[in-house]
1. Would it be correct to say that TYR137 is more than 22 Å from ALA59 (Cβ to Cβ), under 17 Å from the mean Cα position of the chain (by Cα) and buried (at least 17 other Cβ atoms within 10 Å of the Cβ)?
2. What are the residues in region 6-25 that are without any contact (Cβ under 8 Å) to a residue 60 or more places away in the chain and under 11 Å from the mean Cα position of the chain (by Cα), if any?
3. Every residue in region 138-166 that is among the aliphatic types (A, V, I, L, M), assigned to a helix (DSSP H, G or I) and touching a residue at least 60 places away in the same chain (Cβ under 8 Å), please.
4. For region 28-47, give me each residue that is surrounded by fewer than 16 Cβ atoms within 10 Å (Cβ to Cβ) and among the hydrophobic types (A, V, I, L, M, F, W, C).
5. Would you check which residues across region 1-40 are at pLDDT 90 or above, touching an Asp or Glu at 6+ places or on another chain (Cβ under 9 Å), farther than 18 Å from TYR137 by Cα and not small (Gly, Ala, Ser) and list them?
Amino acid sequence: MAPWVNCFAQATGAATGGTWLLLMEHPSPTTPFAGEVGALLQRMLQALGLEQHPQIWLAATLRPESNPLPLSRHAQTIDWQPLEAQLPQALAQLQPARLLILGQHTAQHLLQSQAPVGQLRQQQDLRYQGIPAVVSYDPSFLLRTTRPQQYKAETWADLQRAAQLG
């Protein structure tokens with residue numbers, strides 16, 4: 001996991017509904033809105049009206065089987081740490097009201113499941129260490145799928161469900 005970043009650090013609105021923590025694979029963890037994946041993530045959060053929420057945090061994860069290579073777009077090397085080592089610290093510091101877990105590898109690793117995202121996202125009352133959580137598709141999947149309308153509609157429903165948590 002890379003160090004968590006505030007998605008809307010300049011936001012001046014109220015932190016209505018409490019802190020959000022997004023956990024997802026991300027090609028640019030220190031600049032969450034970079035590239036196509038980041039632009040889609042930003043549109044997803046803006047659709048929920050979260051761009052003025054000062055407590056939306058992203059913790060980018062690395063696929064469990066991947067090698068932690070530095071990202072070429074960054075002057076600094078990303079300090080990828082095992083999810084199990086970093087997540088407890090993020091949860092303690094941020095005290096999120098909800099978790100939004102985006103992507104199959106992140107969800108399976110975090111929830112210790114082999115079920116596909118399509119099944120994990122349908123689980124109601126999902127919790128991780130007592131924190132309400134929602135699983136959905138990650139933006140990179142939405143950009144490469146051959147059925148974008150179906151999966152984007154399902155993702156939108158998941159985002160709305162996440163907004164109701166906490």
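The values are calculated or read from the model by the stated rules, or taken from the named source; none is laboratory data. Computed from a predicted model, the values in this text were never measured in an experiment. Cβ coordinates were reconstructed from backbone atoms using ideal geometry, including for glycine residues, and neighbour counts include every protein chain displayed.
1. Working: more than 22 Å from ALA59 (Cβ to Cβ): no; under 17 Å from the mean Cα position of the chain (by Cα): yes; buried (at least 17 other Cβ atoms within 10 Å of the Cβ): yes.
Considered against the rule, which asks whether it is more than 22 Å from ALA59 (Cβ to Cβ), under 17 Å from the mean Cα position of the chain (by Cα) and buried (at least 17 other Cβ atoms within 10 Å of the Cβ), TYR137 comes out as no.
2. If the condition is that a residue be without any contact (Cβ under 8 Å) to a residue 60 or more places away in the chain and under 11 Å from the mean Cα position of the chain (by Cα), then CYS7 is the only one that fits.
3. Let us first name the residues in region 138-166 that are among the aliphatic types (A, V, I, L, M), namely 142-143, 153, 157, 159, 162-163, 165.
With the extra rule that they be assigned to a helix (DSSP H, G or I), the set shrinks to 142-143, 153, 157, 159, 162-163.
Passing the criteria: LEU142, LEU143, LEU159, ALA162, ALA163.
4. We begin by selecting, within region 28-47, every residue surrounded by fewer than 16 Cβ atoms within 10 Å (Cβ to Cβ); these are 31, 36, 39, 43, 46-47.
If the condition is that a residue be surrounded by fewer than 16 Cβ atoms within 10 Å (Cβ to Cβ) and among the hydrophobic types (A, V, I, L, M, F, W, C), then ALA39, ALA47 are the ones that fit.
5. If the condition is that a residue be at pLDDT 90 or above, touching an Asp or Glu at 6+ places or on another chain (Cβ under 9 Å), farther than 18 Å from TYR137 by Cα and not small (Gly, Ala, Ser), then CYS7, PHE8 are the ones that fit.
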